[in-house]
1. Answer rounded, prolate or oblate for segment 266-373, using the Cα gyration tensor with square roots of eigenvalues a ≥ b ≥ c: rounded when a/c is under 1.5, else prolate when a/b is larger than b/c, else oblate.
2. Ignoring ligands, DNA and RNA, what accessible area per residue does segment 263-347 give at 1.4 Å, in Å²?
3. Probe radius 1.4 Å, ligands and nucleic acids ignored: give me the carbon and sulfur share of the accessible area of the chain as a rounded percent.
4. Read phi for every residue in segment 305-315 and hand back ³J(HN,Hα) as whole Hz from Karplus 6.51 cos²θ - 1.76 cosθ + 1.60, θ = phi - 60°, with x for Gly and Pro.
5. Between Tyr170 and residues 5 or more places away or on another chain, which pairs have amide H atoms under 5 Å apart, with H built 1.01 Å from N, and which residues are they?
6. Suppose each label sits 7 Å from its Cα in the direction of the beta carbon; what would the Ser296-Ser10 distance come out to in nanometres?
7. In square angstrom, what is the accessible area per residue of segment 99-176 with a 1.4 angstrom probe?
8. Round to a whole angstrom and tell me the spacing of the C-alpha centers of segment 320-344 and segment 245-279.
Amino acid sequence: MLEFVRFDPSACHFPPPAVPVLPGLRLGDLRLLAGPAWPAHGQHFVRGRYALAAAYAAAGVGARGALLAPAYHCRTMLDPALALDGAIRFYPLDGDLGPDLDALAARLQEGGVAALLLTHYFGVPQAPATLEAVQALCRRHGVALVEDCAHAWPVALQRAALCQPGSGHYVVASPSKYFGCADGGMLWGAAPQALAPRGWLQEVRGWRDAWRRGRPSAPPVQAAAQHACGTDVRSRERAPSHQYQPALAASSGLAGSRWIMRHSRLERLAGQRRQHYATWSALVAGLARARPLWPSLPDGCAPYMFPLLLADDSRFAALKRAGLPIWRWDELASSDCAVSARYRRELLHLPCHQGLEADQLEWMGSQLRRVLA
Ligand SMILES: Cc1ncc(COP(=O)(O)O)c(C=O)c1O
């Protein structure tokens, strides 16, 4: 049984985001010739959460032991373990979202863990020394390692090239966060399983959804009020949330999504994302009430989002009412990690995908400056 704390915004009536959070399909991002093949043994699921489910099952979560997950997470990282009736424990993170290695070692020492989930947040890979240390701990304790590259497609490709089915090392990706495609979840490291193909109607809907996803809506016309709203709700749960649909766990991702992934111009996408990240850093420089979690990126990194850390969450509602496209992991399982408890309310995820236009970035920056200056 897990205790969750969830921010309930239903009384706030926030408008829909005026700028798309995820990229849509754009012809200019595509090329006719397919790019290089992906690392061998990859399987394409409907979403990353179902790829995680297959990785957890192969690692023995539920049947042989618990999932050891990072204390900062979204619900879809935990749901697959709950679907397997697996216990979930948490390890704390430092302010840069790296694992607290001493605490991690102590949790593994307690025993009863089947798999450890390590997340490369926002597209930024964990430091090589951290990866080595985590892999060594997993080997020492006979625990499978599931690398969560849901935010980091290029990292997934690099790491997947190193994992072999049966080795206890799994890599999971969520390509629809990176490409303008409607669905998808990749898994490397598990023996392939039979996945049901999707029907032609779903394929057609997938192309339509991919195309529509990048279209902006109009910014709200009302002035953004400053007062706070919403409440935190506590619950005890052992079942997966509505975001996990068991019926989709054994289905394949859309063939159309695979086509888009294989035919996207990877260098162009990565370059635009890096450029937008740098623009964000400049736009928020000097804000009194917020700072970038990471003002700059490691060389060659293709970011998923721009993480912005608020000094406190008193202006969150004003930012949402302005129509800003903000994601926040404000539903979190309780743990002893102070960083995650803070980031649940104060870490904003802002889009930096390839589909953003200069005027959209400028508008988002002006709204942030107005509310957080
Ligand atoms: C870090 C992380 N892992 C896994 C997932 C699950 O991916 P998907 O949405 O494709 O199921 C998400 C989704 O937001 C995520 O952010």
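1. Oblate, because a/c is 1.5 or more while a/b does not exceed b/c.
2. So segment 263-347 comes to 39 Å² accessible per residue, rounded to a whole number.
3. Whole-percent figure for carbon plus sulfur exposure: 55.
4. Rounded to whole hertz, the list is 9, 9, x, 10, 9, 7, 5, 7, 9, 5, 9.
5. HN-HN under 5 Å from Tyr170: Leu145, Val146, Glu147.
6. According to this spin-label approximation, the distance is 4.7 nm.
7. Solvent-accessible surface per residue comes out at 36 Å².
8. Computed from Cα coordinates, the inter-centre distance equals 25 Å.
The values are calculated or read from the model by the stated rules, or taken from the named source; none is laboratory data. Since this is a predicted model, take the numbers as computed values, not measurements. Here Cβ is always computed from backbone atoms with ideal geometry, including for glycine, and neighbour counts include all displayed protein chains. Surface areas here come from the heavy atoms of the whole protein model, side chains and all, with no ligands, DNA or RNA. Shrake-Rupley method; radii C 1.70, N 1.55, O 1.52, S 1.80 Å.
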